[in-house]
Protein chains: 2
Amino acid sequence: MANPSRQAVNFAAPRGFVTAFKADCKETFFPDDPFHEMKHEKPLNKLKKTIQYFIPLFEWLPNYNLRLFRYDLLAGITITSLAIPQGISYAKLASIPPIYGLYSSFIPPFVYSIFGSSKHLAVGTVAACSLLLSETVGAKASPQDDPTLYLHLIFTATFFTGIFQTALGFLRLGILVDFLSHSTITGFMGGTAIIICLQQLKGMFGLIHFTTHTDVVSVLGAVFRHRNEWRWESAVVGIIFLAFLQFTRYLRQKRPKLFWVSAIAPMVVVVVGCLFAFFAHAEKHGIQIVGELKKGLNPPSIQYLNFDPQYLPVTVRAGLITGLIAMAEGIAIGRSFAIMKSEQTDGNKEMIAFGFMNIIGSFTSCYLTTGPFSKTAVNFNAGCRTAMSNVVMGFCMMLTLLFLAPLFRYTPLVALSAIIMSAMLGLINYDEMIHLFKVDKFDFVICMAAFLGVSFISMDVGLMLSVGLALLRALLYVARPAACKLGKIPNSSLYRDTEQYPGSTPIQGVLVLQLGSPIYFANSTYIRERILRYIKGEQGVSDSKTDIIEHLLLDLSGVSSIDMTGIETFLELRRILDSKGIKLSIVNPRIEVLEKMTLAKFTDAIGKESFYLSIEDAVQNCRFSLHSSKTTMEEA
Amino acid sequence: MANPSRQAVNFAAPRGFVTAFKADCKETFFPDDPFHEMKHEKPLNKLKKTIQYFIPLFEWLPNYNLRLFRYDLLAGITITSLAIPQGISYAKLASIPPIYGLYSSFIPPFVYSIFGSSKHLAVGTVAACSLLLSETVGAKASPQDDPTLYLHLIFTATFFTGIFQTALGFLRLGILVDFLSHSTITGFMGGTAIIICLQQLKGMFGLIHFTTHTDVVSVLGAVFRHRNEWRWESAVVGIIFLAFLQFTRYLRQKRPKLFWVSAIAPMVVVVVGCLFAFFAHAEKHGIQIVGELKKGLNPPSIQYLNFDPQYLPVTVRAGLITGLIAMAEGIAIGRSFAIMKSEQTDGNKEMIAFGFMNIIGSFTSCYLTTGPFSKTAVNFNAGCRTAMSNVVMGFCMMLTLLFLAPLFRYTPLVALSAIIMSAMLGLINYDEMIHLFKVDKFDFVICMAAFLGVSFISMDVGLMLSVGLALLRALLYVARPAACKLGKIPNSSLYRDTEQYPGSTPIQGVLVLQLGSPIYFANSTYIRERILRYIKGEQGVSDSKTDIIEHLLLDLSGVSSIDMTGIETFLELRRILDSKGIKLSIVNPRIEVLEKMTLAKFTDAIGKESFYLSIEDAVQNCRFSLHSSKTTMEEA
């Protein structure tokens, strides 16, 4: 019966469990195969390479030279001028004294330059996480009523962030970050930008009373409820600053070479603001200033870490959520700049670097740091070559803390608000949202869930809502895999989707279906129903007795794995088909699928002769058997 | 440059959003396409078919005849003989008075016979859900201290189960049941059987004091702590009954025709037990009996439904969990018997039928009912033809309640324990567990999580643990899709996995990769890394300059969908490949993927000439361009 010339399916014995398990683990946790290159090295070289792998500093430092340093020096100074105003502003956003924002730009850059694998990432605090920290921790300890306790809890949350990030890095669970989709991040950033901007209305209008909630409704409510506190002087100054900052941004867009104007603009605003406040005695005219900034380097804070069980749930929770977001931002940004230079960053190494940065930070009066978008972009544009630019920033920050800090005491709060607003307005990515709407409506819904959730409920609810929807979609993909009916493309041996290629023709008496995705518990019932529906559909179309389906070919080329429920379903399917007089054949099962089928004795059940390597082979064979069965009938 | 004879990829304009959305919704919620056959009918016929679709009774009743009734009568009487002992026993398991177990076999069968779509399903209470209800509701209201409140909460939970099941059915969310995998159910059943058996030690040893926990440790602890209460008389009677029941089971396995012996065995045990207890005054010899059973039909219980906010969380939770499990058992069992007869049941219709059954049940003093395995198997073996056997059982039950109920007051508790134990021992599927271990280790872990979780922690924790692991696996499948390198099989135009078919040969200068599964946020980073690793691997193998990769072909036949993050990843990949001087081509994208690529302008970015319909086409074309580039080099 069988066509002797056909290509054979390889029924090799299944791999052992240990082999398969090791291969799976490797694919799951070491997709980048870091030790691949070291296999054939000498032991000493291997040790050297391993150290270089874990501490990237040793990789680039030996080749470092003065020419590279010139670039890094310039970039380092540029990002310092951004780090000072951002540090002060974001510390205000986190409801902690501004000096801690400066502290956070001193120690962490040094740590990152040792362990970090990205060449362009600039270390610093980020707006979204600062606000999220204040929102989460503030719910348990008020920053106004008990500022010391609040500050200590912030350090503790930072400590947990560090532990969490390091652990994920060592466990090679960079995979977690993969679950924050592009759409989620776009929506989350946009929503955060909106609420942070609205928060700044407090500073802009010089309000004294405000709400602790972050959602749009509460914030706007608070702004309008305290109309009696509005100070026009403050608003006027704020709008002037904001207009200046937005103008420099506009300039950068038009002339990318002038990026440095927008990079130092925040520093200009702070300096001008200080001078103005100092000479105009702004404080007396309703323009609030930052207030005292102590001279001196970071005091140790390890003794302040608070592990009181009463506060543990809130600090751990704050640590985990902000850690995940900070990591996602840092890794995504490092990666996107690396791609521009055709380099690669290693997500797991980055996590370890961020983790060490935050652990050591929490011991030295720093709060949560990562690789913020704005600073990294400036660093990249300023021409940094290695992580040395972070070292330069660290040194500049040290000098600032030692000598210049007190000078910033006159910084008007309204200047900080203008800086934050300007930074945030750049994070709302309208174009991307429109693009999402055009290309993929579900992605748009995921994005909007994050955007509206963050704006109208709270940051963590918005984030979880969006991630939940994205996971739901992933599970739906999995539960409803696309199957399609194939037809033969004329004058070729190709079989393609009849819907996509209307020119393709079906084969008499043979139904060819292509299945995609893994087949397992969540979709096996669906797949069975779908196949039976195809058969019903075929038989509905052709009422004549001669056109009845006698063979069902399942093309499994796209099925990457199968589980027990899936195999049971195939067995059931075969039983149903048998009762209808239809013969089931399998085309091109992949190695994992064939192994399982062999182990579960499915291959024996349907017979090895029902497995084909290509659709063409299978169809030829079916035609042969169709033909012979017809002949038999005619003879009878 | 391009080979003119090649088959073209169909770049039809993408379908409109509404069309695609409608198609997706239909696949997700109506995979069985129930209204397919009605399209071409007349309006009156359409109405008739719609009514028949929603109320299956109208489908089979018109063709019902006396011949069918003879079969159903016999089957109905047989399952009644099982329903009485099981009803009493499982009501004890749910810690409610035994009479409610009998009530629950009177009203629900009538409801099911109207709405149910399975011909073999027999309605009744189930052991696992009975115990789960008592465990969940018992945590809030003690069945000993406040039996009335407890009973009312059980009715309320049943009501919520009904509402939940009906809602899922109408929303066509049968998909939820798909997430309980075969392995989870095997493990859960096994674990439940173990703890229910252990619970019966109370009845076996005639204990008075016992624990309310269900885990193995607490139960064994309670049994041995109360050694002073052990009654040997009780144990001896129990063991005799159990031995008899197990013998009839054994008989059925050996001689399937004698199934009726094991079917009526429980009834025999009850009758013998009653007679023995009555004549031997067993009560005085330490053998407890059931006690008074009131004559009469179900009293209404709608006025007892308790929506007190204090108890709402526990009743809703109990309703949801037991509802889901009961549904999974009922649907799975109806389906597996339908398959034996090559018929089909409709999961969504079944859910609606179960839902109505439980809502009406909760109004008429019934507690949770579904289609239990043992009863349905007996019904099937007794030769039932339609749901009429349930009607017969309902009538028999009515007669029992009206006239015979008081006779069962002498039933010894130990007889009930023996009946339950015997039923449960049959549910531990050792063979299946061993089979799972051999074929799929991860499925085995999922199964063991349910088994051990239920045995040692609690039923809902065990279930959730197992479902959680199964979902995690689904997400891992999704996050780490298998990619493989293809080589050409000699003397054919087929390209297959080089690992699976070691005879296949790679093509000089061209790397062909096959991707499986949908490509989207959760796996796009991995896919990029994996592709780059393949390229690195290739270039590592061949050091000679001539063997360098110049073309990367991605076979997307198995990729059923893609999202925005996936497309961004392809754009990134192209940028990286460009910098390495490698040309990217796409082979056979499916309709959904090509639509998204067109909308996102990816097709324009890499050029329509880089899309091929088959690998062979693409390779021919690459060879051509490789050849011409070499010629140019040589000329230069």
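The values are calculated or read from the model by the stated rules, or taken from the named source; none is laboratory data. These numbers come from a predicted model, not from an experiment. Glycine gets a Cβ as well: all are built from the backbone with ideal geometry, and neighbour counts include every protein chain shown.
Identify the single condition in (1) at the interface with another protein chain (Cβ under 8 Å from one of its Cβ atoms); (2) crowded, with 18+ Cβ neighbours inside 10 Å; (3) over 20 Å from the mean Cα position of the chain (by Cα) that residue B:422 does not satisfy, given that it satisfies every other one.
Here residue B:422 clears every test but (1).
Which pairs have Cβ atoms under 9 Å, sit 6 or more apart or on different chains, and link a residue in the stretch B:103-115 that is surrounded by fewer than 24 Cβ atoms within 10 Å (Cβ to Cβ) to one that is basic (Lys, Arg)?
The qualifying pairs are B:115/B:349.
Could you check the stretch B:355-404 and list, in sequence order, the residues that are at pLDDT 90 or above, under 16 Å from residue B:264 (Cβ atoms) and of a type in the set (Ser, Thr, Tyr)?
Scanning the stretch B:355-404 gives B:389, B:400.
Which of the helices (runs of 4 or more DSSP H) contained wholly in the stretch A:61-128 include at least 2 residues that are touching a Lys or Arg at 6+ places or on another chain (Cβ under 7 Å) and in the same structural domain as residue A:188 (by TED's automatic domain parsing)?
Per the criteria, A:66-93.
Taking only pairs six or more apart or across chains, which ones have beta-carbon atoms under 7 Å, a first residue in the stretch B:56-67 that is of a type in the set (A, V, I, L, M), and a second residue that is modelled with pLDDT of 85 or more?
Here the result reads B:57/B:113; B:57/B:114, each pair linking the stretch B:56-67 to a residue that is modelled with pLDDT of 85 or more.
What single numbered condition from (1) farther than 19 Å from residue B:202 by Cα; (2) buried (at least 20 other Cβ atoms within 10 Å of the Cβ); (3) in contact with a Lys or Arg (Cβ under 8 Å, 6 or more places away or on another chain) fails to hold for residue B:388?
Condition (3) is where residue B:388 drops out.
Can you pull out the residues in the stretch A:591-615 that are outside any helix (DSSP H, G or I) and either facing chain B (nearest Cβ under 9 Å) or surrounded by fewer than 19 Cβ atoms within 10 Å (Cβ to Cβ) (or both)?
Residues satisfying the conditions are A:600, A:601, A:607, A:613, A:614.
Out of all the residues in the stretch A:345-365, is one or more more than 18 Å from residue A:179 (Cβ to Cβ), within 13 Å of chain B (Cβ to nearest Cβ) and either not polar (S, T, N, Q) or not in a helix (DSSP H, G or I) (or both)?
Yes.
I'd like to check which strands (runs of 3 or more DSSP E) are fully inside the stretch A:475-556 and have at least 3 residues that are in contact with a Ser or Thr (Cβ under 9 Å, 6 or more places away or on another chain), in contact (Cβ under 8 Å) with a residue 40 or more places away in the chain and more than 8 Å from chain B (Cβ to nearest Cβ).
A:483-488
Name the helices (runs of 4 or more DSSP H) wholly within the stretch A:373-455 that hold at least 2 residues that are charged (D, E, K, R)?
A:430-439
Residue by residue through the stretch B:221-246, note down the ones that are closer than 24 Å to residue B:408 by Cα, surrounded by fewer than 19 Cβ atoms within 10 Å (Cβ to Cβ) and among the hydrophobic types (A, V, I, L, M, F, W, C).
Residues satisfying the conditions are B:232, B:235, B:236, B:239, B:240, B:243, B:244.
In the set B:313, B:309, B:299, which member is surrounded by fewer than 17 Cβ atoms within 10 Å (Cβ to Cβ), more than 30 Å from residue B:204 (Cα to Cα), at pLDDT 85 or above and under 31 Å from the mean Cα position of the chain (by Cα)?
Of B:313, B:309, B:299, the one residue that is surrounded by fewer than 17 Cβ atoms within 10 Å (Cβ to Cβ), more than 30 Å from residue B:204 (Cα to Cα), at pLDDT 85 or above and under 31 Å from the mean Cα position of the chain (by Cα) is B:313.
So, in the stretch B:576-588, exactly how many residues are touching a residue at least 40 places away in the same chain (Cβ under 8 Å) and at the interface with another protein chain (Cβ under 9 Å from one of its Cβ atoms)?
Adding up the residues that qualify gives 3.
So which pairs qualify, if the first residue must be in the stretch B:449-465 and modelled with pLDDT under 90, the second must be surrounded by fewer than 24 Cβ atoms within 10 Å (Cβ to Cβ) and basic (Lys, Arg), the Cβ gap must be under 9 Å, and the two must be at least 6 apart or on different chains?
Final answer for the pair search is B:460/B:317.
Given the criterion within 28 Å of residue B:71 (Cα to Cα) and either in contact with a helix residue (DSSP H, G or I) (Cβ under 8 Å, 6 or more places away or on another chain) or away from every other protein chain (no Cβ under 14 Å) (or both), identify the matching residue among B:382, B:318, B:338.
The match here is B:382.
Taking interchain pairs and intrachain pairs at least six residues apart, which have beta carbon atoms under 7 angstrom, with the first residue in the stretch B:198-222 and more than 23 Å from residue B:285 (Cα to Cα) and the second of a type in the set (Val, Ile, Thr) and assigned to a loop (DSSP other than H, G, I, E, B)?
B:215/B:457; B:218/B:211; B:219/B:211
Take residue A:480 and decide whether it is under 30 Å from residue A:549 (Cα atoms) and among the basic types (Lys, Arg).
It is true that residue A:480 is under 30 Å from residue A:549 (Cα atoms) and among the basic types (Lys, Arg).
Between a first residue in the stretch B:557-573 that is facing another protein chain (nearest Cβ under 9 Å) and acidic (Asp, Glu) and a second residue that is crowded, with 24+ Cβ neighbours inside 10 Å and part of a loop (DSSP other than H, G, I, E, B), which pairs have beta carbons less than 8 Å apart while being 6 or more apart in sequence or on different chains?
B:563/A:181; B:563/A:440; B:563/B:518; B:563/B:520
State which residue is farthest from the chain's Cα centre (by Cα) when the search covers only the stretch A:241-291 and only residues that are in a helix (DSSP H, G or I) and small (Gly, Ala, Ser).
A:280
Residues are listed down the side, and each one gets a yes or a no for (1) modelled with pLDDT of 65 or more; (2) among the aliphatic types (A, V, I, L, M); (3) outside the structural domain of residue B:600 (by TED's automatic domain parsing):
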residue	(1), (2), (3)
B:17	yes, no, yes
B:21	yes, no, yes
B:37	no, no, yes
B:47	yes, yes, yes
B:52	yes, no, yes
